[in-house]
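Scroll down for the structure; my scribbles are underneath it.
The values are calculated or read from the model by the stated rules, or taken from the named source; none is laboratory data. Keep in mind that this is a model prediction, so the values were computed, not measured. When we count neighbours, we look across all protein chains shown, and the Cβ atoms used for this are built from the backbone with ideal geometry, even at glycine. Accessible surface areas use protein heavy atoms only, side chains included; no ligands, DNA or RNA. Shrake-Rupley method; radii C 1.70, N 1.55, O 1.52, S 1.80 Å.
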Amino acid sequence: MKEVKGEDLPDVVVLNIFGFLRFGDLCRVGRVCKRWYQLSRSQVLWKVVDASDVHLCNRAMEKLIGVLVPSVVHLHVHGSKSKSPLSERLVAALSDKCPRLRTLILENTYMLNMNLNTAVTLDQLPQNVETLSLRKCFFMTDQLFCMASRMDGPKITCLDFNGCWCLKDDDLPFLSWLPDLRELYLENCENITNAAVGVIAARLSQLVVLDLEGTKITTMAFFILSKSCNRLEKLFMGRTSIHDGAFLTCIAVKPLPSLKALCLCKTELTTIGFAALVDIFHDRLKWLNISGCKISSLPREETSLSGIQVIQTSNFNKQESCMHFNTRNCDW
């Protein structure tokens, strides 16, 4: 058999191989030779840029933005809280280099300047951004979204605040300035309570996805949402104090008519509440997570769970996070 060398491979094969590489590895193979450098810079490979495996300081962020190409539609970076990688100048450069950017994920980023003001506002982000994730970031909500109502700003449809301890109930009204918002992820926001849910029901009733996992909400939150958020298709309330009462008192009302996915992992739900839940949602629910709940066994009647994908893992870790934002494109 004839030995095949790397330089003998056609471009289409090399590009296919490069497509399996992480962003850092893709940059490294570009140093092998001139041909590989040109192929590694192909815009086909640069639609999704995930640089989250490296903690970027200000200077490293500048270098990253410098090599980005216009084809980038998804960018995920992991910052360094000691040296913020986000500034007005860097965001302007990002907007110039990546005009087609639709998903921006900033993780572990301290977004304040020397005057303790949020360094950028929403309208300064690339205009085509629709999905914005500020996972474990620190910012001033009122300043970040102060220009959200501008007609020429990005039309944010999805917001992720996973692990943002700086976010409080009083910050939720500022999100009502986003008329296109359809998905809101507040997972592990430890300062979010029923008061924030009241704001969501009153001002963000257009939501189709709401993630409240790991917050301080109670069963009352379910009652509040059931009265106003009729468009909700996915509701995540795991690792909270939700109990049977949320469903036992709603059997006759049939709340949340559009609900397709529900997460109640590590809640106070028991077999009694589960039976009521199934009676309410059996004709529309497609996905249900009851891992770590106090449910001894599922109903014997096969028809009651027909068409529902039930997740029930007995060894579900108490500290484990479902990270629903990462699976938002799943179609149950």
Open item on the list: Quick check on this structure: which one of LYS266, LYS254, LYS318 is part of a loop (DSSP other than H, G, I, E, B), within 24 Å of the chain's Cα centre (by Cα), basic (Lys, Arg) and at pLDDT 75 or above?
Closed with: LYS266
Open item on the list: When you scan segment 234-242, do you find a residue that is assigned to a loop (DSSP other than H, G, I, E, B) and open to solvent by 50 Å² or more (accessible area, probe 1.4 Å), even just one?
Closed with: yes
Task: Given (1) modelled with pLDDT under 85; (2) crowded, with 17+ Cβ neighbours inside 10 Å, index of the condition ASN115 fails - done: (2)
- [ ] Considering (1) touching a helix residue (DSSP H, G or I) at 6+ places or on another chain (Cβ under 8 Å); (2) surrounded by fewer than 19 Cβ atoms within 10 Å (Cβ to Cβ), say which one TRP287 fails and leave the rest.
- [x] (1)
- [ ] Could you tell me whether any residue of segment 102-113 is more than 21 Å from CYS263 (Cβ to Cβ), in a strand (DSSP E or B) and over 16 Å from the mean Cα position of the chain (by Cα)?
- [x] yes
TODO: Those residues that are surrounded by 13 or more Cβ atoms within 10 Å (Cβ to Cβ), assigned to a loop (DSSP other than H, G, I, E, B) and either of a type in the set (A, V, I, L, M, F, W, C) or touching a helix residue (DSSP H, G or I) at 6+ places or on another chain (Cβ under 6 Å) (or both), I need them from segment 14-41; list them, please.
DONE: LEU21, GLY30
Open item on the list: Of the residues CYS166, CYS146, only one is open to solvent by 50 Å² or more (accessible area, probe 1.4 Å) and part of a loop (DSSP other than H, G, I, E, B); which?
Closed with: CYS146
Task: Residue in segment 49-65 that is closer than 30 Å to PHE138 by Cβ, part of a helix (DSSP H, G or I), among the acidic types (Asp, Glu) and open to solvent by 80 Å² or more (accessible area, probe 1.4 Å) present - done: no
- [ ] Identify the residue in segment 98-147 that is of a type in the set (Ser, Thr, Tyr) and touching a His at 6+ places or on another chain (Cβ under 9 Å) and, among all such residues, is nearest to GLN43 (Cα to Cα).
- [x] THR103
TODO: Consider VAL69 carefully, then state whether it is in contact (Cβ under 8 Å) with a residue 12 or more places away in the chain and either in contact with a helix residue (DSSP H, G or I) (Cβ under 7 Å, 6 or more places away or on another chain) or open to solvent by 40 Å² or more (accessible area, probe 1.4 Å) (or both).
DONE: yes
- [ ] Kindly provide the set of residues from segment 182-214 that are open to solvent by less than 10 Å² (accessible area, probe 1.4 Å) and either in contact with a Pro (Cβ under 8 Å, 6 or more places away or on another chain) or within 14 Å of ASP171 (Cβ to Cβ) (or both), ordered by number.
- [x] LEU184, LEU186, CYS189, ILE192, ALA196, VAL197, ILE200, LEU204
Task: Among (1) at pLDDT 85 or above; (2) crowded, with 18+ Cβ neighbours inside 10 Å; (3) part of a helix (DSSP H, G or I), the one test that LEU45 misses - done: (1)
